[in-house]
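Read-outs throughout are calculated quantities, based only on the coordinates presented, and are distinct from any laboratory measurement. Treat the numbers as computed from the prediction; the structure is a model and nothing was measured. Virtual Cβ from ideal backbone geometry, glycine too; neighbours counted across all protein chains shown.
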Amino acid sequence: MDSLSTLFQKGLYEELVRLTEGSHEPEDLYYRASALLALNRARESLEILTKNRDALFAFAPLGTMKGTIGARLYLGEYDKAYADLEDFKNRPYANQECEEYIRDIPGLIAKAIQDDIRNPRAEDSQKSLSAASSDIERLRVLSSLQSQGDLKDRAEEVVALCDDDKAAPDVRTYALFLLVAAKYPGIVTFKRGGKIYQVVPKDLKRPYVDDDFLFLTKAFETDAENPDAGRIATSLLATLILVSYPEEAFPPEEVRLIEVAILKLAYESLREEADLKPLYESYDLRPEDVAEKAREITERLNREKGLN
């Protein structure tokens, strides 16, 4: 008889599920969960992976993490995927491959969310924002409205979302972005970071297209020796703008300090030692100032996160 591993490699998932029914052995549970996930029975797979996590992690740490995150993303359970990530990070070191996967998980979750939002379903354009039961649903509706290029008679719904405590801060900010792009002329109440703003969207600077943002994204490409660090830095900058809006993410005179501080964070996320001394010298920066700015940015990025 073929081993469970061989059966899985051959794609005999139904046979695997049948053979492992009722077993509590870690190997059997692992391949049963893997087979169920391959059959798109993600909920059943996830139940096994979560209830038996310690035993499965001891048997196959990388596969257990991949199965768990894969099932979460398939089901759209993004916040729970982030919670799983925290659990994985706090477990003892397994091997370098596991460490690299843990490092990749935030990007996998972010991409899944982006793909979910960027592919709104036909019914999303008809759904009321007030009827959306989760932030992902709200983002799908907003994305659908954005793709139409005109808020038309839906502007007041978007205005109301900017002041909706049920929506996550990032969702409220996305709603404000749409109003800014549409040059909405009315006064909007917007909540973020414990503050309440009264703003007129048509008078606000549109994010991600201004000179400082474009300058920094180009600087990341030029000054980052590792292209991955440059891409991570751009993502960090975009998030910094998101959590700061409608206030400026940084004063223009600090643009080089912000650049090097964000690059420092990008390299740290890659767990790489970067020689930033040439940048300190080129831009007349003190290492302690860069380190302090990096800490400040980290605090700002961690202050508000998560979807409802």
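Computed 3J(HN,Hα) for region 267-275, one whole-Hz value per residue from the Karplus formula 6.51 cos²θ - 1.76 cosθ + 1.60 where θ = phi - 60°, is 5, 5, 5, 8, 6, 10, 8, 10, 8, glycine and proline marked x. Of all lysines in the structure, those lying under 26 Å Cα to Cα from Lys277, and not within fewer than 8 positions of it along the same chain, are Lys218, Lys264, Lys293.
Which value does Rg/Rh take for region 122-203 over its C-alpha atoms, Rh per Kirkwood? Computed over Cα atoms, the ratio is 0.93. Among Tyr184, Tyr280, a tally of other beta-carbon atoms within 10 Å of each Cβ gives an order, fewest to most, of Tyr280, Tyr184. Coupling constants for region 192-209 follow from the phi torsions by the Karplus curve (6.51 cos²θ - 1.76 cosθ + 1.60, θ = phi - 60°), and in residue order they are 6, x, x, 10, 10, 10, 10, 10, 10, x, 5, 9, 8, 6, 6, x, 6, 10 Hz; glycine and proline get x. If R₀ is 25 angstrom, what is the calculated FRET efficiency for the pair Tyr74 and His24, using the beta carbon separation as r and rounding to 0.05? The calculated FRET efficiency here is 0.50.
The distance between label points at Ala160 and Thr298 comes to 4.2 nm (points 7 Å beyond Cα on the Cα→Cβ vector). Helical content alone sets the calculated 222 nm signal of the chain at -20000 deg cm²/dmol, taking -39,500 (n - 2.57) per DSSP H segment of four or more residues and averaging over every residue. Quick check: the angle from helix 61-75's long axis to the longest principal axis of the chain, C-alpha only, nearest 10 degrees? Result, in degrees: 60. In plain terms, the chain from Tyr93 to Glu281 could stretch by 64.0 nm, reckoned as 0.36 nm per residue minus the Cα-Cα distance.
Structural descriptor for the chain: relative contact order 11 percent, calculated from alpha carbon pairs under 8 angstrom and at least 6 residues apart.
3J(HN,Hα) along region 99-111, derived from phi through the Karplus expression 6.51 cos²θ - 1.76 cosθ + 1.60 where θ = phi - 60°, amounts to 4, 5, 5, 4, 5, 7, 4, x, x, 5, 5, 4, 5 Hz, with x in place of Gly and Pro. Close amide H contacts of Arg192 (hydrogens built in the peptide plane, cut-off under 5 Å, sequence separation of 5 or more or a different chain): Tyr197. Taking the inverse of the mean reciprocal distance over all distinct Cα pairs, the Kirkwood hydrodynamic radius of region 1-155 comes to 17.4 Å.
Label separation (Glu221 vs Ser128): 4.6 nm, computed from points 7 Å beyond Cα along the C-beta direction.
Where the alpha-carbon atoms of the chain are placed on the principal axes, they occupy 70, 54, 30 Å, in descending order.
When the chain is treated as a Gaussian network with alpha carbon springs shorter than 10 Å, the biggest mean-square fluctuation among Asp135, Asp28, Asp275 belongs to Asp275.
Relative to one another, the C-alpha centroids of region 243-263 and region 140-161 are positioned 29 Å apart. Its Cα gyration tensor gives region 211-303 an equivalent ellipsoid; the semi-axes, largest first and in whole Å, are 18, 14, 14. Note on Arg103/Asp153: beta-carbon distance plugged into 1/(1 + (r/R0)^6) with R0 of 35 Å gives a FRET efficiency of 0.20.
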